[in-house]
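Here's the structure, in C-alpha cells; my notes come after.
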Amino acid sequence: MPETNRPKPLPVVTEENRPFWEGCQQGKLLLQYCIECQRYQFYPRLYCMKCGSNSLRWVEASGHGVIYSYTIIHQNKSPEFVHDTPYNVAIVQLEEGPRMLSNIVDVDLTELRVDLPVIMSDKILFCFHLLPKPDLCNSYLA
C-alpha cells in the first residue's frame, strides 16, 4: 500500500518566477509583458520569447480566459494525489494571450467543455472557476 500522508509537492520559486508566486499569494495573476513587442508571456523567463528583449515588466492580468483543452485524471498512483481522483487538468487560454496549465474547481467534471469561459479563483491559488451561464432572457433584452 503506498504511503498517503506525504505533502503535495510545492513549486520551486526562482528569481525569475518569484513575482508570479508572490502575486498568487496576494490573489493576483501576474504575467510578464514585453515593452518592446507589447506581448504577454507565461511562464516567466529572463527575456521575451517573441523578440528576445529583456525589457519585461510584471502586470496584473484580468484573470479571464477560456478552456483551451482539458483532461480528467481518473487514476494517479502518486501517494500525494491518489485520494484526489477524479480531477481535471486544463489548459486555460488567457484573455491576454498566453496559455497556462491549471485546474477548474467547483465544477461537475461532466460540465467541462473546450471554449467555456473561466475566471481565476479568488480562494484557490492558480485555479479557475467556470463563469456563470448567461441568462437567456436577459440576453434578448440587451
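Read-outs: derived from the displayed coordinates by stated rules, not from any lab. If you're wondering where the values come from, they're calculated on a predicted model, not measured in any experiment. A quick note on method: Cβ atoms are made from the backbone with ideal geometry, for glycine too, and the neighbour counts reach across all protein chains shown.
Structure data summary
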{"quantity": "Gain on full stretching of the segment that runs from LYS123 to SER53 - 0.36 nm per residue minus C-alpha separation", "calculated": "21.8 nm"}
{"quantity": "Spherically averaged projected area in nm², based on the convex hull that wraps the Cα atoms of segment 11-61", "calculated": "3.3"}
{"quantity": "Listed residues SER62, GLN32, THR85: farthest to the positive end of the dipole of the chain (Cβ charges)", "calculated": "GLN32"}
{"quantity": "Using θ = phi - 60° and Karplus 6.51 cos²θ - 1.76 cosθ + 1.60, couplings along segment 89-98 (whole Hz; Gly, Pro as x)", "calculated": "10, 10, 9, 9, 8, 6, 3, 6, x, x"}
{"quantity": "Using distinct alpha-carbon pairs, which all enter the 1/r mean, Kirkwood radius of segment 62-133 in Å", "calculated": "12.5"}
{"quantity": "Cβ-placed point charges (K, R +1; D, E -1), dipole of segment 62-133 about Cα centre in debye, nearest 20", "calculated": "120"}
{"quantity": "Violating pairs (Cα-Cα greater than 28 angstrom) within the set LYS50/LYS77; LYS50/LYS123; LYS8/LYS123", "calculated": "LYS50/LYS77; LYS50/LYS123"}
{"quantity": "Given charges at beta-carbon only (K, R positive; D, E negative), |dipole| of segment 11-61 in Debye", "calculated": "120"}
{"quantity": "Chain lengthening between SER62 and ARG99 when straightened (0.36 nm per residue, less Cα-Cα)", "calculated": "12.0 nm"}
{"quantity": "Low-density loop cleavage sites - GluC sites (Glu not before Pro) in segment 1-56, where at most 14 other Cβ are within 10 Å (DSSP)", "calculated": "GLU3, GLU15, GLU16, GLU36"}
